[in-house]
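Worksheet for the structure shown next.
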Amino acid sequence: MKKSADQAEKGASSESISDFSIEKPWADEGDLVDRIGDRVFIKHLDGPIFFGFVSSFQTIIQALPNLEVLVIRMGRVPYIDQSGLYAMEDAILDLQNRGVAVVFTGMNDQVRSMMERINLIPGLVDDSYIFDNFSQCRSWLSQRLEEGDLDQVSHRQRNMPTKISDNIDEM
């Protein structure tokens, strides 16, 4: 378990899109580096989100600077447990209270199912903020930029009715 927690912590990174201009951008992140700057952060998670990683995850989320959208890339998250779900819920609530919209990409069936069971999806993060892959997310972000309403994304998400306590499955 300690090895898994260390791997997840090591694999978790938070970077603004503009920081990718210093490093070589991922091929699928395209020219968003130049277009968005520090208004959007991409958070890469690599490994399971479980009780051994919860504290580190919360620290990472609290350390994020001011931004408008946090994209959480979950393509390398094979599993999330109950403590991971509650950490994710706390993080989303904290971010939304700070005016940050949360967007997910690459979520596998197990992770999505668990998030739906406690109504994180669509209770806190509506399906319109969840993308199968980063390409779809990139198109969505580009459209927000072209329409000039990227700053409204967090406002719309924050003002959605919260439904966390409705119809929650027992774990």
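The values are calculated or read from the model by the stated rules, or taken from the named source; none is laboratory data. Remember, predicted model here, so these are calculated numbers, not experimental data. Glycine also receives a Cβ, built like all others from the backbone with ideal geometry; neighbour counts cover every protein chain displayed. Protein only, heavy atoms only, side chains kept; ligands, DNA and RNA dropped before computing areas. Shrake-Rupley method; radii C 1.70, N 1.55, O 1.52, S 1.80 Å.
At a glance:
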{"quantity": "Pairs where the first residue, in the stretch 57-75, is under 19 Å from Gly47 (Cβ atoms) and in contact (Cβ under 8 Å) with a residue 12 or more places away in the chain and the second is among the aromatic types (Phe, Trp, Tyr) and open to solvent by 10 Å² or more (accessible area, probe 1.4 Å), C-beta under 6 Å, 6+ apart", "calculated": "Leu70/Phe41"}
{"quantity": "Total residues in the stretch 39-84, condition outside any loop (DSSP other than H, G, I, E, B) and either among the aliphatic types (A, V, I, L, M) or in contact with a Lys or Arg (Cβ under 8 Å, 6 or more places away or on another chain) (or both)", "calculated": "17"}
{"quantity": "Residue check for Phe134: touching a residue at least 60 places away in the same chain (Cβ under 8 Å) and under 14 Å from the mean Cα position of the chain (by Cα)", "calculated": "yes"}
{"quantity": "Complete set of residues in the stretch 98-118 that are more than 22 Å from Phe53 (Cβ to Cβ) and over 13 Å from the mean Cα position of the chain (by Cα)", "calculated": "Gly99"}
{"quantity": "For Glu15: the one exception among (1) open to solvent by less than 30 Å² (accessible area, probe 1.4 Å); (2) within 13 Å of the chain's Cα centre (by Cα); (3) modelled with pLDDT under 60", "calculated": "(1)"}
{"quantity": "Leu95 under 17 Å from Lys43 (Cβ atoms), within 15 Å of the chain's Cα centre (by Cα) and part of a loop (DSSP other than H, G, I, E, B)", "calculated": "no"}
{"quantity": "Residue count, the stretch 114-142 (criterion: under 11 Å from Leu85 (Cα atoms), open to solvent by 10 Å² or more (accessible area, probe 1.4 Å) and either touching a strand residue (DSSP E or B) at 6+ places or on another chain (Cβ under 9 Å) or outside any loop (DSSP other than H, G, I, E, B) (or both))", "calculated": "3"}
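Conditions tested, residue by residue: (1) closer than 22 Å to Gln110 by Cα; (2) over 13 Å from the mean Cα position of the chain (by Cα); (3) crowded, with 17+ Cβ neighbours inside 10 Å; (4) basic (Lys, Arg).
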{"site": "Val40", "(1), (2), (3), (4)": "no, no, yes, no"}
{"site": "Gly47", "(1), (2), (3), (4)": "yes, yes, yes, no"}
{"site": "Phe51", "(1), (2), (3), (4)": "yes, yes, no, no"}
{"site": "Val54", "(1), (2), (3), (4)": "yes, yes, yes, no"}
{"site": "Ile60", "(1), (2), (3), (4)": "no, no, yes, no"}
{"site": "Ala63", "(1), (2), (3), (4)": "no, yes, no, no"}
{"site": "Val69", "(1), (2), (3), (4)": "no, no, yes, no"}
{"site": "Met74", "(1), (2), (3), (4)": "yes, no, yes, no"}
{"site": "Tyr79", "(1), (2), (3), (4)": "yes, yes, no, no"}
